[in-house]
Amino acid sequence: QVQFVESGGGLVQPGGSLRLSCVASESIFSISGAGWYRQAPGKQRELVAAISKSGTTKYADSVKGRFTISMDAAKNTVNLQMNSLKPADTAVYYCNTPVVPFDSWGQGTQVTVSL
């Protein structure tokens with residue numbers, strides 16, 4: 001079973017930055033691409049950024065211009081650079097494949113944006 005381990009979350013003030021990292025236990029990102037999801041309290045999990053195996057990226061409207069996704073398929077790693085963070089970005093962030101995610105979700109990493 002493929003496993004995902006997310007890291008890099010924390011508490012930051014509005015306007016701050018964080019860089020999240022994710023490592024998969026198997027070489028799946030090179031085949032299926034990679035994505036970052038987030039789930040805020042009381043809301044459904046949503047896909048906020050995705051990158052294909054060819055490097056094409058796509059972002060949710062709420063994060064466009066602020067977040068950047070990148071991938072190192074050789075290391076089974078996907079990163080998310082988050083800038084100009086807003087309180088609305090507060091959520092638990094997860095990595096997985098972007099179209100049909102594996103059901104083996106990791107624990108995620110908490111991002112809290114607050115004064």
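The values are calculated or read from the model by the stated rules, or taken from the named source; none is laboratory data. If you're wondering where the values come from, they're calculated on a predicted model, not measured in any experiment. Ligands, DNA and RNA are stripped out before the accessible areas are found, and what is left, the full protein with its side chains, is counted by its heavy atoms. Shrake-Rupley method; radii C 1.70, N 1.55, O 1.52, S 1.80 Å.
The residues of the range 24-115 present an accessible area of 53 Å² per residue when probed at 1.4 Å with all protein chains retained.
Add -39500 (n - 2.57) for each DSSP H run of 4 or more in the chain, then divide by its residues: what number comes out at 222 nm, to the nearest 500 deg cm²/dmol? Estimated from H runs of four or more residues: -500 deg cm²/dmol. Measuring nothing but alpha carbons in the chain and taking Rh as the Kirkwood radius, the Rg to Rh ratio lands at 0.94. First compute the accessible area of the range 23-62 with a 1.4 Å probe, then give the percent of it belonging to carbon and sulfur atoms. Carbon and sulfur atoms account for 49 percent of the accessible area of the range 23-62. Accessible area per residue was computed with a 1.4 Å probe on protein heavy atoms; Met71 scores about 50 Å².
The residues Val92, Val2, sorted by heavy-atom accessible surface at 1.4 Å with ligands and nucleic acids left out, run Val92, Val2 from largest to smallest.
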